[in-house]
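Here's the structure we're looking at; comments come further down.
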Amino acid sequence: MELVRGKRTISLSKKGDSLTTGLIADKPLVAKYQDDVVIGSWAQPANYRTVYAQILTSLSNTPVGNTGLTLVKWKFNGLEISDSDNRFEKTIYSIGSTSVPALKIKADVMSALLTTSSIEFTANAYTGGYTTAVSAVIAISKENISANTYTAYIVDQNGRGAAITALYPTVTLEAILEKGGIPQTAGITYQWFKTTLDPLLDLANDPTADNRMLLPGKTQKTIILTADDIATYDTYSVDIFENALKVKTAIISVRDETDTLELQYGVVGHEDDLEVTGQIKYSPKVVFRGTTTPASGNWSYAYQKIKIDGTLLGPKGTGASYVVTGTQVADAGGEIDLLFEATEV
């Protein structure tokens, strides 16, 4: 039985682009301070933050690469970042085999600021025979934390956008738990999960119906994945415990570029420019990767809305199409992910 998974991100109106453009940070863009003293300075190479641009068509999860982009600009708080600004470094980042524009933050840019800041990306993207102006914004926040504030996230140890390729057949994910801005290891344990919309798989290894399949034995800080672990585009999460008490959950998605199949989403509407009164409709189909040719066989489709932190939103949906409303996204805080699962029947 073939299984193909996918994910789309939907957010309320920001800037109306025909392509879905987002900025992704390899580590949380939260500058942490205690009594005005920075914790985990971003001026230290180990703590640099890299922000990269992911530009997707409505057809697939394959990003538009550098070769399809012109007039690339980066801004910090509305001001264009010059090549001589030593707080930043304009660079590239690999999402699997695709190189995309990136910006490395190499300084404590929030030290003199009290409010939320932003990194903005703009470019012209050429795809499908057309050139489209695209833009995206990501926020940087400043947080005064106590010694007991917890933060958790997952990183791709190799910095390749959590993607499996023919050249790099494995992905190593690492779970990070910070307490008071300091990474923790003593007394910390882990349990990894894989998202599934199949209730039998969900309940195979634990009694909790949470659309997550517990992975037996995957209890270390890191987990190594191969193409056998990924159905095109899978979402993994980890529960992190301190002295046997659960304190945080983190989530990440992994792409397999070697899979011969992928989802074409049939998007109607603007995923990153959704009005509260509007809606997005999806009519997915399974196709051969890089084409619009439908895969043979009969397929059933399932859908699940989740918050960015992995919290489920409402029940699972099924059918040939699925609608997400602006009201649903607004009620969830302005941005959600939609998980897809296609099963050959």
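Return a whole-number percent for the relative contact order of the chain, with Cα pairs under 8 Å and 6 or more residues apart as the contact set.
21
Grab the other residues whose beta carbon is less than 15 angstrom from that of LEU215, score K and R as +1, D and E as -1, and report the net.
Local net charge: -4.
Please list the three semi-axes, largest first and in whole Å, of the ellipsoid equivalent to segment 24-182, using sqrt of 5 times the eigenvalues of its alpha carbon gyration tensor.
29, 20, 12
Using a 1.4 Å probe and ignoring any ligands, DNA or RNA, find the accessible area of LYS73 and quote it in Å² to the nearest 10.
Answer for LYS73: close to 90 Å² accessible.
Per the helix-only calculation at 222 nm, which mean residue ellipticity applies to the chain, given -39500 (n - 2.57) for every DSSP H run of n ≥ 4 and division by its residues, nearest 500 deg cm²/dmol?
-500 deg cm²/dmol
Could you run the Karplus curve 6.51 cos²θ - 1.76 cosθ + 1.60 with θ = phi - 60° over segment 333-345 and give me ³J(HN,Hα) per residue in whole Hz, x for Gly and Pro?
x, x, 7, 9, 10, 10, 8, 10, 9, 10, 10, 6, 10
Which pairs break 32 Å Cα to Cα here: LYS75/LYS194; LYS221/LYS285; LYS90/LYS281; LYS7/LYS218; LYS104/LYS179; LYS75/LYS285?
Long pairs (Cα-Cα over 32 Å): LYS75/LYS194; LYS221/LYS285; LYS90/LYS281; LYS75/LYS285.
The values are calculated or read from the model by the stated rules, or taken from the named source; none is laboratory data. Quantities reported herein were computed from a predicted structural model and do not represent experimental measurements. Quick reminder, even Gly has a Cβ in these numbers, built from the backbone with ideal geometry, and neighbours come from all protein chains shown. Accessible surface areas use protein heavy atoms only, side chains included; no ligands, DNA or RNA. Shrake-Rupley method; radii C 1.70, N 1.55, O 1.52, S 1.80 Å.
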